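K.L.:
Below: one structure in structure tokens.
What follows is calculated from the coordinates using simple rules that are stated; it is not laboratory data. Nothing here was measured: the structure is a model prediction, and the numbers come from that model. Here the Cβ is made from the backbone with ideal geometry for all residues, glycine too, and neighbour counts use every protein chain on show.
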Amino acid sequence: MKISDADRDPSSIKKDNIDTIKIVDNFFEKELFSKIQNHISTKIYYTPAYFTGTTEKTKENYYGDRWLFVNDKKFLKLFVDQVAKKFKIKPKTICFTSAIDLRNLDHFKPHTDSGVAKINILIMLKGPSAVTNGTVFYTDKELDIHVGFKENRAVLFPSARFHSQHASKIPNLKRYTATIFIQDYEEEC
Ligand SMILES: [Fe+2]
């Protein structure tokens, strides 16, 4: 597995073969998951991040506070190994923007990540369980599928699928998630 220091190769954008959304609960084994939760909430530092392609540091462009996995490749390996095991794929290239995000969700921002990766893996790490605190997916520009937030839940989806964090009116509602952007992978038989 290598970490790419660039966005996705545009010539590969039409060649994706995974086109479904897959959900796995109890992604990490319990004890390891507690250690990960402790690590991400007490040991790492987050800095403000903005959506790719935006230049102004406005509320609309603000993505959340972010810590990049390139800062600790051993920690990244824990995640990538589990992705391989649970989703039965062999990740080959991971985008350098793969990260842990700490977000206060107050607005919807539908977007794709097709310029970054082929598939996204979203892992819900820490935060209140709620159907209004998860991720939503769009079909033909209409809100379609809603995955509620649940700690230790992982979601695989094609990066080209329109998606958004779910907005909530509850002040200071925060959640920690990991996103692994997979640019290249092999499927296991
Ligand atoms: Fe995204």
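K.L.:
Step through the residues of the stretch 75-83 one at a time and calculate ³J(HN,Hα) from phi using the Karplus curve (6.51 cos²θ - 1.76 cosθ + 1.60, θ = phi - 60°), rounding each to whole Hz and writing x for Gly and Pro.
P.N.:
5, 4, 4, 3, 6, 5, 4, 6, 4
K.L.:
I need 122, 173 ordered by Cβ neighbour count within 10 Å, fewest first. It would help to have the intermediate numbers written out before the result.
P.N.:
Numbers: 122 21, 173 18.
In order of increasing Cβ crowding within 10 Å: 173, 122.
K.L.:
Relative contact order for the stretch 44-166 using alpha-carbon pairs under 8 Å, separation at least 6, rounded to a whole percent? Before the final figure, lay out the partial values.
P.N.:
Details: 198 pairs, mean separation 28.3, N = 123.
Worked out over the stretch 44-166, it gives 23 percent.
K.L.:
Determine, for 9, 140, 101, the number of other Cβ atoms within 10 Å of each Cβ, and report the residues in order from fewest to most.
P.N.:
On the way: 9 11, 140 6, 101 20.
Sorted ascending by nearby Cβ count, the order is 140, 9, 101.
K.L.:
Can you put 1, 124 in order, fewest other beta carbons within 10 Å first?
P.N.:
Numbers: 1 17, 124 24.
Going from least to most buried by this count: 1, 124.
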